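Structure first, then comments.
The values are calculated or read from the model by the stated rules, or taken from the named source; none is laboratory data. Model, not experiment: these values are computed from the prediction. With ideal geometry, Cβ positions are generated from the backbone for all residues, glycine too; neighbour counts draw on all protein chains shown. These accessible areas exclude ligands, DNA and RNA; they are computed on the full protein's heavy atoms, side chains included. Shrake-Rupley method; radii C 1.70, N 1.55, O 1.52, S 1.80 Å.
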Amino acid sequence: MPFPRIPALRPRFLPVSRPRALRTRAAALAVIASVVPAAAVQAQATASTSPPTSALPQRLDEGSFTIVVRGQRVGREQFSVHQLKGADGTALELRAESATGDRRTAMRLEADSAGTPMRYTLEERQGTEQTLRLGGQRVRGRFTTLARSLTGEAAREYLLRPGAVVVEEDGLIQHALFVRQPLRMPGDGVTRPSLTPAANSQGAVHIVLESIADTVTIAGGRRMAQRWRVVTASSEVRLVWADPDGHLLRISIPARGLDARRDDVPR
C-alpha cells in the first residue's frame, strides 16, 4: 500500500495565552520558525534548519515499518537515519513520517553522539486539522521548546541532564538511539534521563540488552537480532529488536497490543 503523504502544513493562528517565561519563549520562537514542513520531512535539511557540515550527510539507515495493533494493520512509519559532521562534532539526524488511521505525524531529531537532543521538531495532524506544532533546541545546557496546539501556545525550558534522550509516547525511529548504548552482554543495562516534549514531562528510561542471539522474520526471511528491553518513565515496557549495526527490525509494546515490523531487509 503506498505510504500516505502528509499534506503540507499551513500555520493556524490560535488564541495565545502569554507565557510567564518570556526569555524561554524568545529562545523557542527561533526554533518553531524553522520547523520543517511535514510534506518535506524526507528532503535534505536546509541551511536554516541544520548546522553547517563539512561533508554530505552519511545515510546509516532508511526504510519503513508496518504497524499492527491487536492483529489489525493500522498504519506505517517511513524513516531515515543520517550521520552529520559539523563544527560541534558528529551528530545523528532522525526523520520520520507516520500515518495511523487519519492521524499524521512528522518528526525530525538531531542528537549528538550520545543521543542527547540538539534540535527537535514534531508536527501532528488529525484529518485536515493541525493539532500540534512543536520545536525545540539545546541552549547552554537547557532544552527550550515552543508548542502550538489547539489550546494555545506554551513555551518550556528543561534542564538537560547529561545523557538525556527524547522518549515520546509514539513514534518508532526514536528507538534507534536506545539500541546504540554501549552494552555488550545480555543483562547489561543503563538508565538515562528522558525528555518527553509533547507531554511536557521529564523522567528516566531504563534500557537492558536481553539477548544477542534472537531472530526476527523480515520480508519472509529470518534475521539474527539483538533484543532490547526499554522501560519508560511511565513504566511502559517496550521490546526492541535490532541487528548489530543498530538497524531497527521490530518493536513491540505488549500493553498496547502493538507490533511493528520492518518491511524490507536493511541495505
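Tabulated results
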read-out: Of the criteria (1) over 20 Å from D259 (Cα atoms); (2) surrounded by fewer than 16 Cβ atoms within 10 Å (Cβ to Cβ); (3) among the basic types (K, R), which one R119 fails; value: (2)
read-out: E110, sole failed condition from (1) surrounded by 15 or more Cβ atoms within 10 Å (Cβ to Cβ); (2) among the acidic types (D, E); (3) free of Cβ contacts under 8 Å to residues at least 60 places away in the same chain; value: (3)
read-out: Extreme residue, surrounded by the fewest Cβ atoms within 10 Å (Cβ to Cβ), among residues of the stretch 130-185 that are among the acidic types (D, E) and within 14 Å of the chain's Cα centre (by Cα); value: E169
read-out: The stretch 186-210: number of residues that are open to solvent by less than 20 Å² (accessible area, probe 1.4 Å) and among the β-branched types (V, I, T); value: 3
read-out: Close pairs from the stretch 220-235: first within 15 Å of P193 (Cβ to Cβ), partner open to solvent by 60 Å² or more (accessible area, probe 1.4 Å) and in a strand (DSSP E or B), Cβ under 8 Å, at least 6 apart; value: V230/H206; V231/H206; A233/Q202
